[in-house]
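Some notes on the structure that comes next.
Only the coordinates and a few stated rules stand behind these numbers; no lab work does. Since this is a predicted model, take the numbers as computed values, not measurements. Here Cβ is always computed from backbone atoms with ideal geometry, including for glycine, and neighbour counts include all displayed protein chains.
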Amino acid sequence: MTPGQILAAIVLAMVISAAGTWQVQDWRMGERLAEQAGLHKDDLAAISSAAAARARADQVERLALEQKLSGQDQQHSKELSDAQRNQALLRDRLATADVRLSVLIEDPASGCNLPAAPISFGVVHAARRAQLDPAHAQRIIRITDDGDNAIIALRACQAYVRAIVP
């Protein structure tokens, strides 16, 4: 063998060795990349599963809140309609003179002052009363109607805020 052939054989052996080393490196890197891809896939699956579970929990919580608010809305609507019905009945009774609004009058001559506590029955002994004009009584009833409606609406708003804000 000539020195040129020996040199060519050595170069060829080095090229084959380098190509083999490159193949082994490529194979090892491919394994590592495949392993990392598998781990990444598992991580993505776990994240997706957790996100789906959280979305289901949020949906269940939202549906429960919507049902609670719906029940409260029905309750407040019933309270409002009952109050409006009672107010309409009172206005009708005032209009037909079935009921009269009156006020207690302090009588300085008799020395009898207004009672300190409200009395639950209808007749106040020895107290003078003045009946209100029906038009004035109607205006007073309208004012109290507005107040009752405002109180019911305020309670509904407060219940809504309490339900929304934990």
Exercise. Regarding Arg28, is this residue of a type outside the set (Asp, Glu) and under 29 Å from Tyr160 (Cβ atoms)?
Worked result: no
Exercise. Based on what the data block shows, is Val99 of a type in the set (Val, Ile, Thr) and in contact (Cβ under 8 Å) with a residue 24 or more places away in the chain?
Worked result: no
